[in-house]
Structures are given as structure tokens and as C-alpha cells.
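Working notes for the structure below.
The values are calculated or read from the model by the stated rules, or taken from the named source; none is laboratory data. Computed from a predicted model, the values in this text were never measured in an experiment. For neighbour counting, all protein chains shown are included, and Cβ atoms are generated from backbone atoms with ideal geometry for every residue, glycine included. Just the protein is used for accessible areas: all its heavy atoms, side chains included, with ligands, DNA and RNA removed. Shrake-Rupley method; radii C 1.70, N 1.55, O 1.52, S 1.80 Å.
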Amino acid sequence: MKADLFDQRRLLELQAVDTQLTQLDQRRRKLDDDPAFAAAGQRLSALADKAANLSGDLADLDRDIERVEREVELVTKRADADRTRMASGAATAKELEGLQSELESLARRQGTLEDDQLQLMERREALDAELEETRRQVDQARAVLADAEAERTRSLEAIDTEAADAASTREALAINIPDRLVELYDRIHAKQPIAAAELVGRRCGSCRIEKSPADMIPIKSAPIDEVLRCEECGCVLIRTELPQSKPTTLASEDELKKYQ
Ligand SMILES: [Zn+2]
């Protein structure tokens, strides 16, 4: 294939934009798979589970406390009834003896229940403090995640803007390159990230393999408008060392001055 060398060189600009687009894609993927982001989500979910479990434990404990309170109430009522019966003077000596024994037993039961009540209240206080602390951590984790989410959204928006700019630049560039050259470039680019690279000395700018002096003979003797391909990686090899055709853009004119 033959193409004006300056058109060939425009492929390098196209390549630069495509490399930028590839890097933007990589940045986008990296943001999507950010392990720190996943870790923040997991931490929030673990803390929320812990808070839910503690709430459940606290509700169970409240039921236990209520049960003990009801029992204390029953014991107190029973003891009051026993005392009233004893004070009534209607009870027989044997009954009085029985009532006295029951009152002692009720007093022991009440003592045990009061100890239980105390223990339950202490556990409730500790659990309540733990729940409060966990809720504080949930709020904190939620804020961290929201910040990370906002930061990620901002970064993705910046990437989208940059990608849209690069896409328009690419379009504008491609319009100024002959179609068949762009088609060749696109065919190669579909297979490999670098489709066009500069020949620097004897080295291919894509695969970095240095050509032997023998390999350089056909390259050096090729007509300047011949489209060369690297035998190693298949990319279009662009000769940038000598301009041999008329520049058609300002950038190329500046470039040409270097050789005048
Ligand atoms: Zn190569």
C-alpha cells in the first residue's frame, strides 16, 4: 500500500488518541473493581448486621426483665395475702405455721429474683452501650461509603468527559487521513493495542525489537510513500526521521522546519 508519508504520520496521532481511550477504559474498570470500595461496603453491611443482632438481643433481654418483674409482683402479692391472712386472726395454729414457712420461702424467692433482675439490668446497660457504639460506627461507615461513592461518580464523570473529547478528536483526525489507511490501521488495532508506531533508529516503537542492519536495507530503500509494516508485531511502521513530501498541516510545517 502506498500513502503520503504525512498522512502515514497522522496515524501516530490517531494511535495516541486510541492509547488515551484505552487508558481511560482501564481507569474506568479499575474504579469499578476498586477493592477499597468493596471493603467499605462489606464493613457497612457487617456493622449493620451486628447492630440488628444487638437490637434483637436487647429485645430478648427486655422480655426476660419483664418476666422477672411479673414474677416479683406475684411473689409480693402472695406474701401480702399471706400476711393479711396471718393478721386476720382467723387462721389456725397449723395454718399459721404453714403461712410462716411459705413467707420465708417467698422471701428467698424474692431475693433470688432481685439478684436476677440486677444482673439483667447490668447486661442491658452493657448491651445498650454496645448498640449505641455500633450504631455510631454504622453511621460512620455509611458516610465513608457515601464519600467513596461520590468520589467514584466524580471520577467516572471526568473519565466520560475526557473520553468524549478524545472520541471527537479521533473523529476529526480520521477525517483527514485517507480511508484505506484508516481501515488498515483499524484492522490492526482490532487485534493489538498498538497499530502504528514510530521507527526510532532501527527499533520498532511498538514491539521495541531492534531490526538487524540487513532488515533495514529494504526499509531504507522503500519509497517514502510505501506503507511499511513491522515484521515482528505487524504494526504500521512510521518513518519520522526525514520528511519527503509536502506538509499539509501546521504541525507538519513546524516539523518540516526542523529539517530545513
Ligand atoms: Zn514491531
> Do we have E157 as under 30 Å from R29 (Cα atoms), in a helix (DSSP H, G or I), at pLDDT 95 or above and in the same structural domain as F37 (by TED's automatic domain parsing) here?
Replying inline: yes
> Restricting attention to the stretch 236-259, does a residue exist that is at pLDDT 95 or above and among the aromatic types (F, W, Y)?
Replying inline: no
>> Go through the stretch 150-181 and report how many residues are under 26 Å from P35 (Cβ atoms) and free of Cβ contacts under 8 Å to residues at least 40 places away in the same chain.
In response: 8
> Is there any pair linking a residue in the stretch 194-208 that is basic (K, R) to one that is within 11 Å of the ligand (Cβ to nearest atom) and assigned to a strand (DSSP E or B), with Cβ under 6 Å and at least six apart or on different chains, and which?
Replying inline: R202/E210; R203/E210
> If only one of D80, D139 is closer than 30 Å to G41 by Cα, of a type in the set (D, E) and not assigned by TED's automatic domain parsing to the domain that holds C235, which one is it?
Replying inline: D139
> Looking at the stretch 75-119, which of its residues are in contact with a Leu (Cβ under 9 Å, 6 or more places away or on another chain) and either open to solvent by 70 Å² or more (accessible area, probe 1.4 Å) or of a type in the set (K, R) (or both)?
Replying inline: R78, R83, R85
>> I need a count of the residues in the stretch 200-239 that are more than 9 Å from the ligand (Cβ to nearest atom), open to solvent by less than 40 Å² (accessible area, probe 1.4 Å), in a strand (DSSP E or B) and not β-branched (V, I, T).
In response: 2
